[in-house]
There are 2 protein chains.
Amino acid sequence: MSEITKTRIIDAAGEVFAEKGFEQATIREICKLADVNLAAINYHFGDKQKLYIEAVKSAHCEGEEDEPLLIPAEVPAEKKLYYFIEHMMTDMLDRESPTWHVELMMREMARPTLACSELVQSYIGPKFSILMSIIEEMVPATISLSKKHLLAFSVVGQCLLYRFHRPIGKLLIGDEEFESLFDVSYLADHICEFSLRGIQSISDSQEASS
Amino acid sequence: MSEITKTRIIDAAGEVFAEKGFEQATIREICKLADVNLAAINYHFGDKQKLYIEAVKSAHCEGEEDEPLLIPAEVPAEKKLYYFIEHMMTDMLDRESPTWHVELMMREMARPTLACSELVQSYIGPKFSILMSIIEEMVPATISLSKKHLLAFSVVGQCLLYRFHRPIGKLLIGDEEFESLFDVSYLADHICEFSLRGIQSISDSQEASS
DNA sequence: CATGAATTCAAACGTACGTTTGAAACGCAT
DNA sequence: ATGCGTTTCAAACGTACGTTTGAATTCATG
């Protein structure tokens with residue numbers, strides 16, 4: 001029963017894969033970090049690829065419980081939207097050095113591999129469904145599903161920018177200025193207010209045309 | 001005078017770097033595509049890294065002239081915003097297989113390397129400035145620069161989502177549904193309308209508090 | 001304690017990569 | 001045609017990688 005070896009390898013692999021990506025990570029570095037022999041990866045997982053998939057799986061199994069997104073049903077939809085955005089931004093940004101679980105999932109989002117579809121199914125999909133149901137509370141029932149998808153994408157697009165294009169942002173407006181914006185609740189406030197009006201706008205124009 | 005060799009190499013390099021990224025691209029593949037000898041890269045550029053930087057440079061020098069963004073000064077700011085968004089979306093999405101110039105710049109945005117700062121300075125920066133000046137036409141002068149930056153980020157965040165997270169989108173809502181949304185002017189319409197209200201919202205709340 | 005399967009280990013294999021080399025081919029002024 | 005700097009070429013070098021191997025070790029079970 002050497003499950004402890006397997007988990008040590010997965011932890012080390014998650015860390016290294018998160019930092020360097022699949023191709024740039026080497027099993028030698030992973031094994032050194034896990035303090036196991038080189039051949040252990042082949043023995044326990046088969047090859048590098050299978051280890052990677054296990055690491056991604058582990059990323060969204062362990063990571064999810066961090067602070068689950070539980071939104072009280074009785075609050076108005078506007079407040080739910082704020083909770084959602086704030087939770088998403090916290091997950092992505094609010095750590096000194098984010099745990100490899102998040103980092104690895106973000107990497108998988110940026111450049112999907114085989115492990116991606118499962119990640120979408122068991123992690124991203126459920127979150128997206130929550131957002132969709134919040135949006136559905138705010139728009140008339142007559143609005144088409146496509147329009148609601150666009151609204152959801154507009155919300156998450158604003159959030160993801162700060163995760164995926166941070167270096168560009170710093171180069172664009174300067175390090176200090178950009179970092180000074182980088183307060184989760186400040187950003188969440190902005191995105192939420194911006195989006196609330198946008199959502200109203202679309203549902204207004206839909207009602208007018210129906 | 002073997003400038004033609006250099007340009008053949010840069011073209012091939014741009015293509016391969018765009019498709020596979022810096023690390024995954026091999027100079028052997030580049031040389032084969034360019035139909036030059038292996039040693040040509042070292043002779044003309046020094047090493048792989050310097051070739052990459054030259055390729056990125058070339059990407060935003062040649063690529064820029066495609067269809068320059070010229071917005072007539074007399075149209076209302078709302079229309080300027082639409083032009084901007086539509087131009088950005090067209091650049092990023094509206095090609096069967098996008099020219100390597102765009103692809104390479106997008107790759108550099110997703111994971112910046114040494115070549116990034118120059119890309120920001122000479123390509124992204126100017127575009128961002130245009131967006132900022134459009135926003136400045138729409139908000140009261142009293143609004144802070146930070147708030148205007150947030151507004152600009154909200155606009156481009158919505159646009160970039162469709163470029164960088166297309167595979168996720170397809171997995172989330174289904175291939176056909178997602179691709180059916182993928183019409184540049186339809187998306188630009190949505191993002192523009194969504195953003196116009198968002199921008200108004202922020203400037204309203206600013207005026208109320210000032 | 002003895003036995004056999006499960007696990008670990010050091011070492012090596014084969015391959016692919018970026019880079020270097022030294023000679024050959026070319027272009028061009030004399 | 002001769003000589004010389006520039007450019008191309010086939011071949012090799014050194015290194016790092018994923019993977020494999022077969023022996024050594026550990027461990028549970030009888």
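Here is how the numbers come out for the structure above:
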quantity	calculated
Contacts under 7 angstrom Cβ, first residue in the stretch A:147-169 being over 22 Å from B:ILE124 (Cβ atoms), partner outside any helix (DSSP H, G or I), 6 or more apart	A:LYS148/A:VAL139
Filtered residues of the stretch A:15-36 (kept if open to solvent by 10 Å² or more (accessible area, probe 1.4 Å) and either part of a helix (DSSP H, G or I) or near DNA strand D (Cβ under 8 Å from one of its atoms) (or both))	A:GLU15, A:GLU19, A:LYS20, A:PHE22, A:GLU23, A:GLN24, A:THR26, A:ILE27, A:ARG28, A:GLU29, A:LYS32, A:LEU33
Those residues of the stretch B:37-47 which are surrounded by 15 or more Cβ atoms within 10 Å (Cβ to Cβ), within 9 Å of DNA strand D (Cβ to nearest atom) and hydrophobic (A, V, I, L, M, F, W, C), in sequence order	B:ALA40
Tabulated pairs, the stretch B:41-52, first more than 14 Å from chain A (Cβ to nearest Cβ) and within 19 Å of B:GLU118 (Cα to Cα), second among the charged types (D, E, K, R) and away from DNA strand D (no atom under 12 Å from the Cβ), C-beta under 9 angstrom, 6+ apart or interchain	B:PHE45/B:GLU54
Given (1) more than 25 Å from the chain's Cα centre (by Cα); (2) within 11 Å of DNA strand D (Cβ to nearest atom); (3) more than 23 Å from B:CYS116 (Cβ to Cβ), number of the condition B:ARG8 does not satisfy	(1)
Qualifying position, being hydrophobic (A, V, I, L, M, F, W, C), more than 10 Å from DNA strand C (Cβ to nearest atom) and over 25 Å from the mean Cα position of the chain (by Cα), among A:PHE22, A:PHE45	A:PHE45
Residues that are open to solvent by 50 Å² or more (accessible area, probe 1.4 Å) and not aliphatic (A, V, I, L, M), drawn from the stretch A:3-14	A:GLU3, A:LYS6, A:THR7, A:ARG8, A:ASP11
Complete set of residues in the stretch A:1-19 that are among the polar types (S, T, N, Q) and more than 10 Å from DNA strand C (Cβ to nearest atom)	A:THR7
Selection within the stretch A:85-123 - of a type in the set (Val, Ile, Thr), out of contact with any Cys (no Cβ under 9 Å at 6 or more places or on another chain) and modelled with pLDDT of 90 or more	A:THR90, A:VAL102, A:THR113, A:VAL120
Output for the stretch B:146-177, where each listed residue is of a type outside the set (Val, Ile, Thr), at the interface with chain A (Cβ under 8 Å from one of its Cβ atoms) and over 21 Å from B:GLU78 (Cβ atoms)	B:SER146, B:LEU160, B:LEU161, B:TYR162, B:PHE164, B:HIS165, B:PRO167, B:GLY169, B:LEU171, B:LEU172, B:GLU177
Any hit, the stretch B:55-74, residues being at pLDDT 90 or above, over 30 Å from B:ILE135 (Cβ atoms), assigned to a helix (DSSP H, G or I) and open to solvent by less than 60 Å² (accessible area, probe 1.4 Å)	yes
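Yes/no per residue for (1) outside any helix (DSSP H, G or I); (2) buried (at least 17 other Cβ atoms within 10 Å of the Cβ):
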residue	(1), (2)
B:GLU118	no, no
B:PHE128	no, yes
B:GLU136	no, no
B:PRO140	yes, no
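A quick yes/no check of all residues on (1) within 20 Å of the chain's Cα centre (by Cα); (2) within 27 Å of B:VAL184 (Cβ to Cβ):
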residue: A:GLU137; (1), (2): no, no
residue: A:LYS147; (1), (2): no, yes
residue: A:LEU150; (1), (2): yes, yes
residue: A:VAL156; (1), (2): yes, yes
residue: A:CYS159; (1), (2): yes, yes
residue: A:PHE164; (1), (2): yes, yes
residue: A:VAL184; (1), (2): yes, no
residue: A:LEU187; (1), (2): yes, no
residue: A:SER201; (1), (2): no, yes
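The values are calculated or read from the model by the stated rules, or taken from the named source; none is laboratory data. Not measured: the values here are computed from a predicted model. With ideal geometry, Cβ positions are generated from the backbone for all residues, glycine too; neighbour counts draw on all protein chains shown. Surface accessibility is based on the protein's heavy atoms, side chains included, excluding ligands, DNA and RNA. Shrake-Rupley method; radii C 1.70, N 1.55, O 1.52, S 1.80 Å.
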